[in-house]
Structure formats: C-alpha cells, structure tokens
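One structure below.
The values are calculated or read from the model by the stated rules, or taken from the named source; none is laboratory data. What you see is a predicted model; the values in this text were computed from it and never measured. Note that each Cβ is placed from the backbone with ideal geometry, even for glycine, and that neighbours are counted across all protein chains shown.
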Amino acid sequence: MEGEKIITSLLSEKRIFEPPKSVSERAWIKSMDQYKEMWEESIRNPEKFWSRFLDILEWFKKPTKIWDDSKFPPTAQWFVDGKLNASYNALDKHINSGKGDKVAIYWEGDNPTESRAITYTQLLEEVCKFGNVLLKYGLKRGDRVAIWLPMIPELVIAMLACARFGIVHSVVFAGFSAEAVKDRILDSSARMLITSDGTFRAGKKIPLKVKVHDLLEETPTIEHVIVVKRTGIDTPMKVGRDTWWYDELKDQPTECSYEEMNAEDPLFILYTSGTTGKPKGIVHTTAGYLMYAALTHKFVFDIHDDTVFFCSADIGWITGHSYIVYGPLVNGATEVMFEGVPSYPSFERYWEIIEKYKVNVFYTAPTAIRLLMKEGDALPKKHDLSSLRILGSVGEPINPEAWIWYHKVIGNERCPIVDTWWQTETGGILLTPLPGATSLKPGSVTFPFFGVKPEVLRDDGTLAAPNEGGHLVITSAWPGMLRGVWQNPQRFQKTYWAKFPGKYYSGDGAKIDEDGYIWILGRLDDVIKVSGHRIGTMEVESALVSHPAVAEAAVVPMAHKIKGQAIYAYVILNKNFSPSQELINELKQHVRKEIGPIATPEAIEFAPDLPKTRSGKIMRRILKAIVNEVDVGNITTLANPKVVKALWNAHKTAKSSSSH
Ligand code: WT7
C-alpha cells in the first residue's frame, strides 16, 4: 500500500473521544447500541429498515416495493413503484405544512456586505418563475440541461426548477474551464445552458459566459442559453439563442405545475474523474438518491427543526448537491450558502459567518482546516463560535493534527467531528461517525452508515487482516448508489464491478483496525485529490500532450501541506523545444484553459525519459515515489532502469536550487 506510509507516520494521536452527553441526549441516534441494532437490521432486512423511513419524503404514490435486487449487482432499484417529485419535496412540502416563512437559505456573498435570507416560499416562487421559462422553451421530462453557475441562489433555483419537470440537470463546477463545459454538454446532449456573465472570487470579477461563447458553436444540441447577470462583465449574446435570466423571469407567474416522477427516473448527472478517459457522467435517480441524501443529512449532522447548517462546499461537486441542495432542503432545514472563499476579505471569514448566522453544524474539507490552522488560533478565538454543536469533514483524509486543531480551537472540545467518507458515485455519506453515538479516533471515518456493508480486500479478493491495508469495496446495495454512467454501461461495469466481481469498487485504499474502525488510506488508482477536488491524472496528461511542445507526459500526486495532494507533472519535450521557465508557465496556462485552474500542475519537470515497463507502460508508481522521496521499490521489470537514478538526482538538484 503506497498511501499507508504517509498515513501511519502521522498517527500520533491515540486518544478516543466520547460523544458529549449534551449531543447524545438530543441526537436521533443516541448510543452505540442503538446504532448497532439499526445497522444490523438495515443489512439483514433492507425492506423493513427502509420502509420505516419512507415518511422522510412525501410521495404522490407511496412505494409498496422497497427494493428490487433481481439485477444487483450492479443495479438495484429502490422504492420501485413510488411516485414523487424532488423539487416538491424540497419546497412545496414545507410550505404546505406551514413552514413557508422559515429561512431556507442564508446566502452570503463573496463581499461580506452582500447577503440575502430566502424563505421556503420565496425560493418556491423563484423556482416556479424559472420553471415556467423552461416550459416556455419546450423543455420536458428526460431532457438534459447544463448549468455552469457560481454559488449564487440562481444555481439552486435552476436545479430545483429542472427537477420539477424531470429535466435532468448536469451542473458543471464554475472553476472548470469552458472546454470542460463543452465536453459535458456534448456527452449529455444538453438542450440548454444556464450560466452567468461571471463570478466574484476574493473581490475579483472572473468571466464565465464570454469564455464559452465561441465554443457553443460546436455544441449543436444547445438551443438556448440563459445568462444571469452577476458581475456586469461585458458579455456577448447571440441573438435568438441567448437571453438574460432577469428578462426571462420578470413577467413569469410565481406558480407552476410539477411532474409526478417515477422513483427510478434520473434526477441528475454529475461528471467526475476516473482512471481512464474523459470524466464520466454519474447518474443519480429520484427516490433512492433523495431518500439517502435526506436521511444521511438528518442522522449524520443530527438535524432538528432549529438547526442552522453550513456546508462550505461548492454545489458544482456532489457534496453541494447532496448537502446544500437536496439533503437540507428536503429536511426543511435552514442553511448557509456561501459564494466566497475562506481567505477573503480575511482568514476570519468562516468564523464570521458561523458567528453571524449562529451556525450549529459546520461541514468543510481538511484542506480548508489546514489552511486556517496555519493562520493561528487568535483569529477563530476573536469570534463567538459557541453555537457550534457538530463539525464535519469530507473529501480527503484528515490528518490527526488538523483533526485535533478543529476539535480544540473551533469546537472548543465540545463538538464531535464527523469525518465522512463517500464519493460522487455513492450519492451520500457511506462511512461516518454518528455524533451522538460513536466514540471517535482522530483520522478514522469509523463505521458504515445504515445499509452499507464495507470490506477491505487483498489483491486476490480475500479479506485483509485487521490493520492490513487493502481495497475498500461495498458489498451491499444502498438507495443512493449510482445507477450508471451516462450512456456508457460498459464503463459502469468495468470501473465499479469488474475488479472484484459483484462488489462495488471504490478505488480507495483502507484498513480496519482491531476495534473495527475504518481508516481511509487514499486513492489507489490514478486519481488525485487536490484540495479535496478529484482530478484524473489521465486528463491532465492529455491536456499537456495536446500542447505542441509536449511529446509525452506523466502526472503523479505530490504530498502538499495544505492541499493534501498537488499535481506534479513530468514532461518530455518534442524536438525543437527546449526547457525554460516560460514554457513551464505556458504549459500551466494551457492546462488551466483545458481543464480549469484546479488542475494546474504545482510543478512541471522536464525529463529526458520516463521509467517504463518493457511493454512501454509508464510506471507512475516510481515517479510518485521519487516526487515524494520514498523508496522506489522494485525496478527490475523496467525497460530503462537507469532513468530512475537520473530522475532522483534531477529531483534533488531541483529541490536544493529552489530552497534558499
Ligand atoms: C474521493 C471521492 C464525497 C464528497 C466529496 C468527494 C476521497 C472523500 C473522504 C474522507 C478520506 C475521502 C476518497 C474518495 N474522500 N471523503 N472522509 N476521508 N478520503 O467526492 O470528488 O467523488 O471524491 O474522495 O478518495 O474516493 P469525490
């Protein structure tokens, strides 16, 4: 296990943190005994277990068949004959039960002077106005709509308006490039794009629409583009195709209909990176996804009617889909939605927000915790964080040092930390503590959520021994699991179900300790987690190779103090090109343009040659070892073993010349 070396060296914290009484007393799940009993039932008798929670959703037709596992693995169907609507569950349901005036979203702008409180009634009105626009343009059940918007309320409105009519949304993170938007539009044959003139980030205006404008000539399925005016940046509009959000909405009625969707109708597609090829469109369906997002949100974050919840993720990722849009709104919670970054106007921004809205549950990523930890304890201590009850972490392994800081300085030793493991594919949290029940070990994701049965396997498919690293797989079916890869059943089968036939393959390494606690060791495939963002090495390599100077490229993760992992790229130049700092900058720019700023290599090293097997396969394992300065292991199978020494020396020289 390559990841293991890194993790075990950090395992200095041996203390166990019991759930605080004040949390347990009020919690939905109050004790380990209660958890165990429920978990066992969820595995032994899924029908019985899930039928007990049907009422977390409102159904037009209550399902009589809880699940159909006749085609599982890979595909189980959930709440099969039920009928419902996701948008109705997120909005109308609460208004009908008298909660219309409750704040659904406290929206906090990049600039602290800008904020909005949006009630459930107001949100529904906006969703209806936009829903009427979708109908006006002839969009209908099953069509796809691409959404490339920053963290503004219009993003939530657009998603819920699509969901109202069974229109499948495909949200693209605003930090991705226009090229990435184009690829996703083509793959999903989207009929409409919803975007904005630009976005604010740390006080700066960043254009969006203008960047994709010309590329839309290459996306024949796009019939219409709706543009939110956010920044006032000069924006080209194609007559007959592009219109402004505000103009479209201003005369629309605040009421609209909705579709009664089947349980298994797709709700959205979200693209994510894998080991091979372009990002794949992960498909989630209506009932199973919604049930799972809502129930995990309620139990993992212990949501009650008065809870204020703040998830700092971007809706462009699955965390935002499940724990900003669907989970919290279906549960009728009040949440904070934040447009900006933790460092603007100062590193106190998150603490200001928590104080301002009296946030009870704060859910963020280890990379943000490390960034803020570096700024010292004085900044959070200036703020009243006493409203906090539970803290959450997601996206990458949290190192015990960051865990302890989060617990002590932010949580004042009162707040359990729920370190939640899951993936775009899983729809919701799979491995997690429950705040009122689970004793915590810093750095461990502890135990499975209801319905989830994990295993750690050796390469040969046998069970790993306690504390032995292996492949994390899931052997049960759960409602939120992906139903497929958009228009690519072979890839679905091959990526997730082939390595260990019939078991869901996560791509992560893990181990289970002598007490049954699960520890995530990081990705075992060619996926890098940069600041918790998922990036495929293949995509970065393809981007590099598409530049005329580059003959060959190999990309590996490099350990990084704040980002967790950063991208390190080895590049072999074509003849007629020579190494230079300018070329490095140009290549970085090129990757930004092709994929987006988050994929920018931290370092680019020009190499004369790369370690390869006799069949010509690049041995990224060896490059990863060199970059992270660990033992390269066995190199006897290489066609060119000498290159390893040369790359070691080059790495050391480069390092000593860059440190002063
Ligand atoms: C990958 C999935 C889940 C929402 C955000 C990421 C890593 C996720 C943890 C955690 C260690 C984690 C895994 C996983 N990951 N949560 N608590 N501890 N690693 O979704 O972009 O699909 O990435 O994120 O490597 O496979 P994603």
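See the values below:
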item: Restricting region 413-432 to residues that are of a type in the set (S, T, N, Q) and within 24 Å of I16 (Cβ to Cβ), the residue that is surrounded by the fewest Cβ atoms within 10 Å (Cβ to Cβ); result: T420
item: Residue selected from region 493-516 under the condition under 15 Å from P73 (Cα atoms) and in contact with a Lys or Arg (Cβ under 8 Å, 6 or more places away or on another chain), by the criterion farthest from the ligand (Cβ to nearest atom); result: W497
item: Filter result for K382 (surrounded by fewer than 19 Cβ atoms within 10 Å (Cβ to Cβ) and either touching a strand residue (DSSP E or B) at 6+ places or on another chain (Cβ under 9 Å) or within 23 Å of L54 (Cα to Cα) (or both)); result: no
item: Per-region count, region 394-412, residues among the aliphatic types (A, V, I, L, M), away from the ligand (no atom under 11 Å from the Cβ) and crowded, with 22+ Cβ neighbours inside 10 Å; result: 2
item: Hey, V418 of a type in the set (A, V, I, L, M, F, W, C), within 16 Å of the ligand (Cβ to nearest atom), assigned to a strand (DSSP E or B) and in contact with a strand residue (DSSP E or B) (Cβ under 7 Å, 6 or more places away or on another chain) or not; result: yes
item: Residue among V445, V456 that alone is away from the ligand (no atom under 13 Å from the Cβ) and either closer than 22 Å to F299 by Cβ or in contact with a strand residue (DSSP E or B) (Cβ under 6 Å, 6 or more places away or on another chain) (or both); result: V456
item: Qualifying residue in region 555-572 (condition: within 16 Å of the ligand (Cβ to nearest atom), charged (D, E, K, R), within 24 Å of T364 (Cα to Cα) and buried (at least 19 other Cβ atoms within 10 Å of the Cβ)); result: yes
item: Out of L610, L647, L638, sole residue that is surrounded by 15 or more Cβ atoms within 10 Å (Cβ to Cβ) and over 16 Å from V571 (Cα atoms); result: L638
item: Hits in region 302-322 - residues which are outside any loop (DSSP other than H, G, I, E, B) and closer than 13 Å to I105 by Cβ; result: V308, F309, F310, C311, G320
item: Residue ranges of strands (runs of 3 or more DSSP E) in region 116-234 with at least 1 members touching a helix residue (DSSP H, G or I) at 6+ places or on another chain (Cβ under 7 Å) and in contact (Cβ under 8 Å) with a residue 12 or more places away in the chain; result: 144-148, 168-171, 192-196, 224-228
item: Meets criteria (over 30 Å from I185 (Cα atoms) and under 19 Å from the mean Cα position of the chain (by Cα)) for L482; result: no
item: Qualifying residue in region 577-584 (condition: among the aromatic types (F, W, Y), over 25 Å from S393 (Cα atoms), surrounded by fewer than 19 Cβ atoms within 10 Å (Cβ to Cβ) and out of contact with any Pro (no Cβ under 6 Å at 6 or more places or on another chain)); result: yes
item: Candidates G142, G131 - the one that is surrounded by fewer than 23 Cβ atoms within 10 Å (Cβ to Cβ), among the small types (G, A, S) and modelled with pLDDT of 95 or more; result: G142
item: Test: residue in region 429-441 that is out of contact with any strand residue (DSSP E or B) (no Cβ under 6 Å at 6 or more places or on another chain), within 16 Å of the ligand (Cβ to nearest atom) and charged (D, E, K, R); result: yes
item: Residue match in region 531-553 (condition: touching a strand residue (DSSP E or B) at 6+ places or on another chain (Cβ under 6 Å), over 25 Å from V571 (Cβ atoms) and β-branched (V, I, T)); result: no
item: Which numbered condition G522 misses (of (1) within 11 Å of the ligand (Cβ to nearest atom); (2) over 14 Å from G564 (Cβ atoms); (3) within 18 Å of the chain's Cα centre (by Cα)); result: (2)
item: From the options S506, S444, residue that is of a type in the set (S, T, N, Q) and assigned to a strand (DSSP E or B); result: S506
item: Region 476-492: number of residues that are farther than 24 Å from R44 by Cα and within 12 Å of the ligand (Cβ to nearest atom); result: 0
item: Meets criteria (in a loop (DSSP other than H, G, I, E, B) and closer than 30 Å to F49 by Cβ) for D251; result: no
item: Some residue of region 193-216 being hydrophobic (A, V, I, L, M, F, W, C), in contact with a His (Cβ under 7 Å, 6 or more places away or on another chain) and buried (at least 24 other Cβ atoms within 10 Å of the Cβ); result: no
item: Residue check, M261 free of Cβ contacts under 8 Å to residues at least 60 places away in the same chain and more than 16 Å from the ligand (Cβ to nearest atom); result: no
item: Qualifying residue in region 579-593 (condition: at pLDDT below 95 and closer than 30 Å to R184 by Cβ); result: no
item: Meets criteria (more than 24 Å from the chain's Cα centre (by Cα), over 23 Å from E179 (Cβ atoms) and outside any strand (DSSP E or B)) for D515; result: yes
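Condition check ((1) touching a His at 6+ places or on another chain (Cβ under 8 Å); (2) within 16 Å of the ligand (Cβ to nearest atom); (3) at positive phi; (4) not hydroxyl-bearing (S, T, Y)) across all residues:
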residue: H304; (1), (2), (3), (4): no, no, no, yes
residue: D314; (1), (2), (3), (4): no, yes, no, yes
residue: Y326; (1), (2), (3), (4): no, yes, no, no
residue: V341; (1), (2), (3), (4): no, no, no, yes
residue: K358; (1), (2), (3), (4): no, no, yes, yes
residue: L372; (1), (2), (3), (4): no, no, no, yes
residue: K381; (1), (2), (3), (4): no, no, no, yes
residue: S387; (1), (2), (3), (4): no, no, no, no
residue: G392; (1), (2), (3), (4): no, yes, no, yes
